[in-house]
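What follows is a single structure, written as structure tokens, with notes after it.
The values are calculated or read from the model by the stated rules, or taken from the named source; none is laboratory data. Remember, it's a predicted structure, so these values are computed and weren't measured experimentally. Cβ coordinates were reconstructed from backbone atoms using ideal geometry, including for glycine residues, and neighbour counts include every protein chain displayed. Ligands, DNA and RNA are excluded from the accessible area calculation, which covers all protein heavy atoms including side chains. Shrake-Rupley method; radii C 1.70, N 1.55, O 1.52, S 1.80 Å.
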Amino acid sequence: SFHCDAADVVGLFCLGQGLSGGSSRVVSSGAVFNVLRERSPELIDALFTPMIFDTRGDGGLNYFTLRPARFYNGVLRSFLHLEYMKTAYQHKSAPDSIPKKHEELIDAYVKIADELALDMDFKPGDLQWVSNHAILHARTAFLDSDRESSESANSVSRSRNRHLLRLWLTTGSSLGNEKGFVFDPKAIASTTLALTELIFGFAKSKFLSGIYDECFS
């Protein structure tokens, strides 16, 4: 299900590809908004009204309330989890049922996101950075292999399974204030560049030396 994570940026670094599947799906919330406005303008207001989100028990709460979208300095910022915005209503303390317009909004949003999404197949060594303010992401189903492979050149033995390192990043300039999030692309760019160098340095370390050699040699 398409969603945003609760951080400014999410990063993925691929160490293992797996046997099949596991594509990363990304879509611009701005692009979805534009198509939604053209097709179903009557649903736009619902995108800016408070909705409840399922926490799956995180933080000791069953759900929390948040507006899925807002404009800050004329720029659209979004936070959605299209599945959790529906499952939140299963809790006893939640309202009896999801409002009809909210359900119609989620269904329309899912359809448009599927149409516009870019699918990316990760290979070992690939690194992806995604802004949670402007991009929703999802993943297709995947299949791992039970076979063990041995690399005699570097004495690495491991299964051919999907293996990614994930990083949630909150930038110092994007902590926000009473008016909303302060989004500074330059700060995020400089931070992600530094982290990219750090991650590739980590991949060169003894712990991952065999994987690094396979990815980049």
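Listed values, structure above:
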quantity: Residue satisfying all of: in region 90-103; open to solvent by 70 Å² or more (accessible area, probe 1.4 Å), closer than 15 Å to residue 43 by Cα and in contact (Cβ under 8 Å) with a residue 12 or more places away in the chain; nearest to the chain's Cα centre (by Cα) among these; calculated: 103
quantity: Those residues of region 6-61 which are open to solvent by less than 20 Å² (accessible area, probe 1.4 Å) and either charged (D, E, K, R) or in contact with a Gly (Cβ under 9 Å, 6 or more places away or on another chain) (or both), in sequence order; calculated: 8, 13, 14, 15, 54
quantity: Residue in region 62-83 that is surrounded by the most Cβ atoms within 10 Å (Cβ to Cβ), counting only those that are among the aromatic types (Phe, Trp, Tyr) and over 23 Å from residue 113 (Cα atoms); calculated: 63
quantity: Verdict on residue 100 being among the basic types (Lys, Arg) and over 20 Å from residue 3 (Cβ atoms); calculated: yes
quantity: Restricting region 116-159 to residues that are part of a strand (DSSP E or B), at pLDDT below 85 and among the charged types (D, E, K, R), the residue that is farthest from residue 34 (Cα to Cα); calculated: 151
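Here is a yes/no grid of residues against (1) closer than 15 Å to residue 136 by Cβ; (2) in contact with a Phe, Trp or Tyr (Cβ under 9 Å, 6 or more places away or on another chain); (3) in contact (Cβ under 8 Å) with a residue 12 or more places away in the chain:
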{"site": "60", "(1), (2), (3)": "no, no, no"}
{"site": "63", "(1), (2), (3)": "no, yes, yes"}
{"site": "68", "(1), (2), (3)": "yes, yes, yes"}
{"site": "72", "(1), (2), (3)": "no, yes, yes"}
{"site": "81", "(1), (2), (3)": "yes, yes, yes"}
{"site": "85", "(1), (2), (3)": "yes, yes, yes"}
{"site": "88", "(1), (2), (3)": "no, yes, yes"}
{"site": "105", "(1), (2), (3)": "yes, no, yes"}
{"site": "108", "(1), (2), (3)": "yes, no, yes"}
